[in-house]
Amino acid sequence: MSVPVSLVPLLAGNAALALDELLAARTVWRAGQGVASVRGGESTGHAALDAVLPSGGWPRRALTELLLPADGIGEIALLLPTLARMTAAGGRVVLVAPPYIPYAPAWQRGGVLLDALEVVDADPQQALWAFEQCLRSGACAAVLGWPKTGDARVLRRLQVAADSGDCCAFALRDRRHALNASPAALRLEYLPERDAWQVRKCRGGQVPAHPLQLAF
């Protein structure tokens, strides 16, 4: 399947981000302004997780990172309640260059409407371009990507694109990146030894001290 959305031109690779874009993406702190806890996020469908997140769920217009020890450890199941609700409400969900061919019956059993699910097949370099353009398009409720890069500038562009396109961005990445700084509004790492998710960063709130075990 291909994505029937209009793509806008990619920003020049070496161009500096405009200050207003940085402010809109909340990657710059304004002197004299405290950090307010803002509700109104997209419910994760997991009450224990919603309870510890400042927005009460996945942050809207923002980048969320899921840091994983391997593919297929439950990351899609974690997202399915939200994606199902989005497609039921008429939203479009896009998967950009997933590492495996999505198994349609499993997505359908998870409640996702297949007519609203699109898959983009691209090589790693083009996948980053497609990820950003889908986020910016304003045509998507959520976009999932699997970026391999550890470049914070790339992630910042995705954060800005999610904000400008009013979209939820999910970057599924190797957990080795957990030690690197990131502009993402929310970062969750899966701990296989505890079968639990640890919040590593949550913009606008305190990071929970203990990992969460979630039943799917």
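The values are calculated or read from the model by the stated rules, or taken from the named source; none is laboratory data. What you see is a predicted model; the values in this text were computed from it and never measured. Backbone-built Cβ (ideal geometry, glycine too); neighbour counts: all protein chains shown. Heads up: the accessible areas ignore ligands, DNA and RNA and are worked out on the full protein's heavy atoms, side chains in. Shrake-Rupley method; radii C 1.70, N 1.55, O 1.52, S 1.80 Å.
Miscellaneous remarks
- Subset of the stretch 132-150 (residues that are at pLDDT 95 or above and either open to solvent by 30 Å² or more (accessible area, probe 1.4 Å) or under 17 Å from ASP71 (Cβ atoms) (or both)): ARG136, SER137, GLY138, ALA139, LEU144, GLY145, TRP146
- Just so you know, in the stretch 110-130 the residues that are over 18 Å from the mean Cα position of the chain (by Cα) and under 19 Å from ALA89 (Cβ atoms) include one that is surrounded by the most Cβ atoms within 10 Å (Cβ to Cβ), and it is LEU113.
- Checked across the stretch 103-119, the condition of being in contact with a helix residue (DSSP H, G or I) (Cβ under 8 Å, 6 or more places away or on another chain), in contact (Cβ under 8 Å) with a residue 12 or more places away in the chain and closer than 18 Å to LEU67 by Cα holds for no residue.
Residues checked against (1) of a type in the set (Lys, Arg); (2) over 15 Å from the mean Cα position of the chain (by Cα):
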| residue | (1), (2) |
| --- | --- |
| GLN159 | no, no |
| ALA169 | no, no |
| ASP174 | no, no |
| ALA181 | no, yes |
| LEU186 | no, no |
| GLU189 | no, no |
| ARG200 | yes, no |
| PRO208 | no, yes |
| LEU212 | no, yes |
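- Residues of the stretch 172-216 satisfying the condition of being buried (at least 18 other Cβ atoms within 10 Å of the Cβ), among the polar types (S, T, N, Q) and either in contact with a Cys (Cβ under 8 Å, 6 or more places away or on another chain) or without any contact (Cβ under 8 Å) to a residue 40 or more places away in the chain (or both): GLN198
- Where GLN125 falls short, out of the listed (1) within 26 Å of GLN213 (Cα to Cα); (2) without any contact (Cβ under 8 Å) to a residue 40 or more places away in the chain: (1)
- For the stretch 185-206, filtering for residues that are more than 18 Å from SER43 (Cα to Cα) and of a type in the set (A, V, I, L, M, F, W, C) leaves 2.
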